[in-house]
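Read through the structure below, which is laid out as structure tokens, and then see the notes.
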Amino acid sequence: MDLDAVVLSRIQFAFTIGFHILFPTMTIGLASFLLLAEIRWLRTGDEAWRRLYRFWSKLFALAFGMGVVSGVVLSYQIGTNFSAFSVATGNVIGPLLGYEVLTAFFLEAGFLGIMLFGWDRVPAGVHLLATAMVALGTLISAFWVLAANSWMQTPAGHTLVDGIFYVEDFWRVIFNPSFPVRFAHMGVAAYLTAAFAVAAVSAWQWRIGRRDPAVAYGLRYGLGLAAILAPLQVLIGDLHGLNARDHQPVKVAAMEALWQTTRGAPFVLLAWPDQAAETNRYAIEIPKATSLILTHTLDGEVKGLSEVGPADRPNVPLVFFAFRLMIGLGVVMLAVSWWGAWRLWRGTLLDSRLFLGVVAACGPAGFIAVLAGWVVAESGRQPWIVHGLMRTADAVSPVAAETVLVSLISFIVLYISLLWAFLFYARKLARRGPEHEPAPAPRHVLAGRP
């Protein structure tokens with residue numbers, strides 16, 4: 001592979017957005033968990049819920065700051081590395097990202113201070129409202145970002161004149177064919193990732209001797225939410241696959257390493273896709289399973305990569321293995337969460353060090369699965385930056401490869417340092433655990449009592 005400006009710009013953007021996405025994923029899910037914890041505190045008066053909230057709000061603030069800093073870089077990078085894309089799609093993408101700032105970031109920023117520092121300074125109802133608005137803001141942010149990205153995947157509601165995209169129907173731009181299912185898929189992924197992060201940290205804390213009711217609540221509710229969200233994600237993932245089958249069949253063919261259009265297509269559990277020879281080596285297959293999944297019949301036809309020329313195909317091994325990594329981690333999270341639900345039902349959730357160790361080890365699973373899913377989504381539509389309409393090679397700025405390489409190396413060094421600092425302080429907070437603080441009795445606003 002020649003490391004020209006196109007390839008280096010793609011690697012740089014993939015690295016920076018891969019780093020960034022970890023933090024919005026955490027804050028989207030964690031904000032709603034904080035809302036749940038505050039509601040439970042207000043309803044029950046149990047001080048453990050308040051302390052659990054205060055503990056996780058510190059990690060939320062840390063992740064929120066990292067997300068803001070790394071997100072700003074992406075906006076500049078679109079202009080510096082993909083200026084032709086900015087010129088061509090600015091009429092469509094610009095408003096979507098602008099609305100994300102106006103409706104989501106301002107909402108989060110406006111209430112974040114009250115949420116983090118308003119305890120004992122504002123009434124309980126006001127603080128609850130602040131938490132709810134921050135949680136809503138994170139979800140609205142995902143709404144606009146996914147709308148923009150989904151339009152690039154399945155463009156609609158535009159006209160193309162002399163290489164420039166113009167909005168024709170803004171409603172269709174936002175609610176393009178893939179947006180609803182992709183937004184649901186990413187939203188549930190964020191909630192599932194945060195649920196497992198809460199459960200994993202809580203399991204680790206209990207294992208090292210933090211025998212605190214707040215820690216037990218974190219483990220119990222983290223696993224309980226995951227046990228519900230994991231099978232829900234399976235259903236949404238199936239809908240996502242059916243949508244991609246209809247609108248991006250080449251991506252689906254790459255995910256399945258299916259070279260020829262086939263009736264009764266097998267599901268390839270594992271193989272080494274040989275893109276040059278257009279075959280799968282050392283394949284382990286389940287007969288007819290892909291047809292069953294994608295057409296709901298054993299002999300349904302699934303389009304293969306042969307439907308398009310080699311120049312219009314993505315990197316098949318990359319998409320194939322990333323998809324299996326995502327699916328495999330999803331199965332692990334489903335199994336562990338249901339194992340936890342079973343132990344919770346039996347009243348033995350906290351009794352096994354082995355189980356707690358497994359839960360703690362699964363903490364990164366959601367984050368890795370999200371990264372793998374984005375590799376599938378973004379690499380699977382290559383060589384198109386706007387699917388079927390604009391190639392990635394035509395979107396890159398006219399900059400020297402050496403310039404991009406220098407900035408790429410700089411980003412790698414800087415972001416690794418930032419990630420180390422984040423993990424260092426996050427671990428310090430996690431080891432300390434929920435702190436005992438003097439607190440007034442809550443005003444039971446949700447229970448209707450003064």
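Side notes on the structure shown:
- Out of LEU229, LEU292, sole residue that is within 20 Å of the chain's Cα centre (by Cα) and part of a helix (DSSP H, G or I): LEU229
- Within the range 328-354, tally of residues that are in contact (Cβ under 8 Å) with a residue 24 or more places away in the chain and part of a helix (DSSP H, G or I): 12
- Residue that is nearest to ARG54 (Cα to Cα), among those in the range 84-106 that are at pLDDT 90 or above and of a type in the set (A, V, I, L, M): LEU96
- All conditions in (1) surrounded by fewer than 15 Cβ atoms within 10 Å (Cβ to Cβ); (2) part of a helix (DSSP H, G or I); (3) not basic (Lys, Arg) hold for LEU408, with the sole exception of (1).
- The range 342-356 - residue that is surrounded by fewer than 16 Cβ atoms within 10 Å (Cβ to Cβ) and hydrophobic (A, V, I, L, M, F, W, C) and, of those, nearest to SER202 (Cα to Cα): LEU354
- Selected residue (criterion: nearest to GLN275 (Cα to Cα)) from residues of the range 303-349 that are within 27 Å of the chain's Cα centre (by Cα) and polar (S, T, N, Q): ASN315
- Flag if GLY300 is more than 30 Å from GLY218 (Cα to Cα) and touching a residue at least 24 places away in the same chain (Cβ under 8 Å): yes
- Criterion violated by ALA156 - all others in (1) within 23 Å of LEU242 (Cα to Cα); (2) touching a residue at least 40 places away in the same chain (Cβ under 8 Å); (3) surrounded by fewer than 20 Cβ atoms within 10 Å (Cβ to Cβ) satisfied: (2)
- Filtered by the rule that a residue be among the polar types (S, T, N, Q) and free of Cβ contacts under 8 Å to residues at least 24 places away in the same chain, the range 239-281 gives THR279, ASN280.
- Inter-residue pairs, beta-carbon under 7 Å, first more than 18 Å from ASP394 (Cα to Cα) and in the range 78-104, second β-branched (Val, Ile, Thr) and modelled with pLDDT of 90 or more, 6+ apart: GLU100/VAL145; THR103/ILE140; ALA104/ILE140
- Members of the range 264-282 that are of a type outside the set (Gly, Ala, Ser) and in a strand (DSSP E or B): PHE267, VAL268, LEU269, LEU270, TRP272, PRO273, ASP274, THR279, ASN280, ARG281, TYR282
- None of ALA48, ALA31 is surrounded by fewer than 23 Cβ atoms within 10 Å (Cβ to Cβ), in a helix (DSSP H, G or I) and among the aliphatic types (A, V, I, L, M) except ALA48.
- Some residue of the range 164-183 being closer than 17 Å to SER32 by Cα, aliphatic (A, V, I, L, M), part of a helix (DSSP H, G or I) and touching a helix residue (DSSP H, G or I) at 6+ places or on another chain (Cβ under 9 Å): no
- When GLU285 is tested against (1) surrounded by 13 or more Cβ atoms within 10 Å (Cβ to Cβ); (2) in a loop (DSSP other than H, G, I, E, B), only condition (2) is not met.
- Some residue of the range 390-400 being among the aliphatic types (A, V, I, L, M), more than 30 Å from VAL87 (Cβ to Cβ) and assigned to a helix (DSSP H, G or I): no
- Test: VAL319 is modelled with pLDDT of 90 or more, under 30 Å from ALA197 (Cα atoms) and either surrounded by fewer than 18 Cβ atoms within 10 Å (Cβ to Cβ) or in contact with a Ser or Thr (Cβ under 7 Å, 6 or more places away or on another chain) (or both): yes
- Every pair of residues 6+ apart whose Cβ atoms lie under 7 Å, when the first sits in the range 370-392 and is on the phi < 0 side of the Ramachandran plot while the second is part of a helix (DSSP H, G or I) and among the acidic types (Asp, Glu): PRO383/ASP312
The values are calculated or read from the model by the stated rules, or taken from the named source; none is laboratory data. It should be emphasised that the depicted structure is a prediction, and the values quoted were computed from it without experimental measurement. Here Cβ is always computed from backbone atoms with ideal geometry, including for glycine, and neighbour counts include all displayed protein chains.
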